[in-house]
Structure formats: C-alpha cells, structure tokens
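K.L.:
Pasting a structure below so you can have a look.
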Amino acid sequence: MANLPPSFPFSKASSSSNDPKPSPVEQLVLDICDPELRENALHQLSKKREIFHELAPLLWHSVGTTAALLQEIISIYPFLSPPTLTVAQSNRVCNALALCQCVAAHPETKMPFLRAQMPLYLYAFLKTSSKERPFEYLRLTSLGVIGALVKVEDTEVIKFLLETEIIPLCLRTMESGSELSKTVATFIIQKILLDNEGLRYMCVCVDRFFALSRVLGNMVTSLAEAPSPRLLKHIVRCYLRLTDNIRACLALRDYLPDLLSDTTFTSCLYDEPAAVQWLQQMHHNIRVRPPPGL
C-alpha cells in the first residue's frame, strides 16, 4: 500500500489530543478497520461514494483500510463452492467491492490499485456459475471494478489484464450472465479491443478470434428474441474494431451474423445513432475496404 502523504488529513496513528476531529467521512473510513463497525461503514460509504469526491485517496492512503477491504473479499471464498453465499453476505462484500471500484476509477489511486494486483482477488467471483441473485450481484459488482479500470484508455491497464484470465472470464459472463452483467463484460472486451495491443492479442491467435466471434454471434442471436440496445451497441463496436485487423476483417465476411445484415435490429437501434453509424462502417470495412492489418 502507498505510504501516507505527510499532508494527508488523518491516519490511524493520529491520536494526539491536538489533532482535529475526523470528519464524518473520515470517521467512517476509520471504522472500516474496526470489525464491530465495519459492516455499517461499508454500507454508508458505498451508498454515498458518488458525493465523496476524494474518497478514493482517503481509502487507499489510510492505514489498514485496503487490507480490511481485502479481508472482506477473501472471507467469502469458502461460500463460493459449494454455492452457499447468502444475500446478506453478498451485499456486504459488494459494498466492499463498490469501494474498490471507487479506488479503481480515481486517477490518483488507479495505478497503485492495479500494481498491487487487487483485481486478481475478484476473479474467483467471475468463475462462479450459480444464477442465484447473491452470485449474480457479486459477479456484476466485480465486473464493475474491472470496468472502472478500463474506462479511461491506458495501455498499462490493458497489458496487465492481458496477462490475466480476464478475457475468458468476460466471455464466460457474456455467454451466461444476466443482461447487465453481459453488458459490462462486453464493455470490458470492447475497451481491450480498442487498445492496439488488445486488438493484436485477440487476432494474433485464430482460437482467440473465433472464441470471441462465437460468443458475439451467440449474443446477437439471443438479442433477436430479447433486444437490448445498450448491449447491442457494445457488440457492434466490438465487431467494428475487429475490422481494423485485416485477417479478422476478412474472416468476418463469413462469420458475421446474418442478423446484423438485415433489418432485425432497426427498431432496437432507433435511438442509438452512433451504433447505426458503427454498423454501417463495419459493413463498409468488411465488404468494400479491408483496412491494413497487423
């Protein structure tokens, strides 16, 4: 964990009677390190994290706080298999994960969070297959942490993720998760593809390309029966990005779902002009102008 800056407002070691009284937010962060007060602190901070703009640095630099969050995450591993996780347990650890997402999204704490390899502790949750609400909520919140990391383009983040299991784990969620989980997982894949190293990684190996192509195709088929404009938008953007690789672009001539070439999704994308433009550009790339590739 990063050392506490000298100018930081408080720490667990600050006990002098001359120290200013902690603010309510600072007190809640301190409470995370108290097992008796932790559950309420996690709940209160996760519920109000959007309005605490400097919460992420406060969490990361406060002595013992990240260790306490990690303890919350690890403590439910025994309940994953066999799947015995309760709603209450899921809610509690998801509050901890929400604070991790806050740290992952902040420009000051994102890279220290990544270099501490914190995302790896979440992968066990993405490997679960139970469709019960506690597990689905857990997967969705874990994906939210990864989504926060990739939201702003950063090659170092993508390189880190490419060295882990995140792509097969996202593909797994895209196949069997809820609509919302599928959307976040597809967004993560999209952001990986938008990075040049990520695109190269997915297209340099035939098996990787076809694994992604198969999952995207299956999702398109499912969306024909239960449309989701938001999810479809991310799928189309993934396909468009794949056409920036010449081998993938040529392969899509044979493997692009027919449903993306007719009027099946016209009404679904009615309010998504960007997705319509991406779809048109994708077809242009595939049929008319395969771009230079790697």
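The values are calculated or read from the model by the stated rules, or taken from the named source; none is laboratory data. Computed from a predicted structure; not experimentally measured. Backbone-built Cβ (ideal geometry, glycine too); neighbour counts: all protein chains shown. What goes into the accessible areas is simple: the full protein's heavy atoms, side chains included, and nothing from ligands, DNA or RNA. Shrake-Rupley method; radii C 1.70, N 1.55, O 1.52, S 1.80 Å.
K.L.:
Give me a count of the residues in the range 189-201 that are open to solvent by less than 30 Å² (accessible area, probe 1.4 Å) and more than 20 Å from R139 (Cα to Cα). So that I can check it myself, show each step before the final result.
P.N.:
Here is the first cut: in the range 189-201, the ones open to solvent by less than 30 Å² (accessible area, probe 1.4 Å) are 189-190, 192-193, 195, 198-199.
Subset that is more than 20 Å from R139 (Cα to Cα): 193, 195, 198-199.
Selection size over the range 189-201: 4.
K.L.:
Within the range 175-184, is there a residue that is open to solvent by less than 10 Å² (accessible area, probe 1.4 Å) and either among the hydrophobic types (A, V, I, L, M, F, W, C) or touching a strand residue (DSSP E or B) at 6+ places or on another chain (Cβ under 6 Å) (or both)?
P.N.:
no
K.L.:
Out of T128, T84, I need the residue that is open to solvent by 10 Å² or more (accessible area, probe 1.4 Å), in contact with a Lys or Arg (Cβ under 7 Å, 6 or more places away or on another chain) and part of a loop (DSSP other than H, G, I, E, B). Which one? Write out each step before concluding.
P.N.:
Values: T84 fails: in contact with a Lys or Arg (Cβ under 7 Å, 6 or more places away or on another chain).
The unique qualifying residue is T128.
K.L.:
Report whether or not Q44 is in contact with an Asp or Glu (Cβ under 9 Å, 6 or more places away or on another chain), farther than 22 Å from G147 by Cβ and of a type outside the set (A, V, I, L, M, F, W, C).
P.N.:
Yes: the conditions hold for Q44.
K.L.:
Starting from the range 232-254, keep only residues that are touching a residue at least 12 places away in the same chain (Cβ under 8 Å) and over 22 Å from F265 (Cα atoms), then list their pairs with residues that are of a type in the set (F, W, Y) and assigned to a helix (DSSP H, G or I) whose Cβ atoms are within a distance under 6 Å, requiring at least 6 positions of separation or different chains.
P.N.:
Pairs that qualify, where the first residue is touching a residue at least 12 places away in the same chain (Cβ under 8 Å) and over 22 Å from F265 (Cα atoms) and the partner is of a type in the set (F, W, Y) and assigned to a helix (DSSP H, G or I), are A248/F209.
K.L.:
Now for a different question. Restricting the search to the range 107-125, which residues are within 18 Å of E50 (Cα to Cα), open to solvent by 10 Å² or more (accessible area, probe 1.4 Å) and more than 14 Å from the chain's Cα centre (by Cα)? Walk me through how you get there before you give the answer.
P.N.:
Residues of the range 107-125 within 18 Å of E50 (Cα to Cα): 107-110.
Right, trim to open to solvent by 10 Å² or more (accessible area, probe 1.4 Å) and you get 107-108, 110.
Hits for the range 107-125 are P107, E108.
K.L.:
Continuing with the same structure: Examine the range 40-62 for a residue that is touching a residue at least 12 places away in the same chain (Cβ under 8 Å), closer than 15 Å to F125 by Cβ, of a type in the set (G, A, S) and in the same structural domain as M111 (by the TED database), and state whether such a residue exists.
P.N.:
no
K.L.:
Give the range 138-156 a look and list any residue that's over 17 Å from P82 (Cα atoms) and surrounded by 18 or more Cβ atoms within 10 Å (Cβ to Cβ), or say none.
P.N.:
Hits for the range 138-156 are L140, T141, S142, L143, G144, V145, I146, G147, A148, L149, V150.
Conditions (1) part of a helix (DSSP H, G or I); (2) β-branched (V, I, T); (3) open to solvent by 80 Å² or more (accessible area, probe 1.4 Å); (4) in the same structural domain as T109 (by the TED database), marked per residue:
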| position | (1), (2), (3), (4) |
| --- | --- |
| I158 | yes, yes, no, no |
| T164 | no, yes, no, no |
| F187 | yes, no, no, no |
| C203 | yes, no, no, no |
| F210 | yes, no, no, no |
| S213 | yes, no, no, no |
| G217 | yes, no, no, no |
| V220 | yes, yes, no, no |
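K.L.:
Given the structure, is E54 modelled with pLDDT under 95 and either open to solvent by 20 Å² or more (accessible area, probe 1.4 Å) or under 18 Å from R139 (Cβ atoms) (or both)?
P.N.:
Values: modelled with pLDDT under 95: yes; either open to solvent by 20 Å² or more (accessible area, probe 1.4 Å) or under 18 Å from R139 (Cβ atoms) (or both): yes.
Yes, satisfied.
K.L.:
Hey, another quick one. Checking T264 against (1) in contact with a Lys or Arg (Cβ under 8 Å, 6 or more places away or on another chain); (2) of a type in the set (V, I, T); (3) open to solvent by 30 Å² or more (accessible area, probe 1.4 Å), which test does it fail?
P.N.:
Only one criterion is unmet by T264, namely (1).
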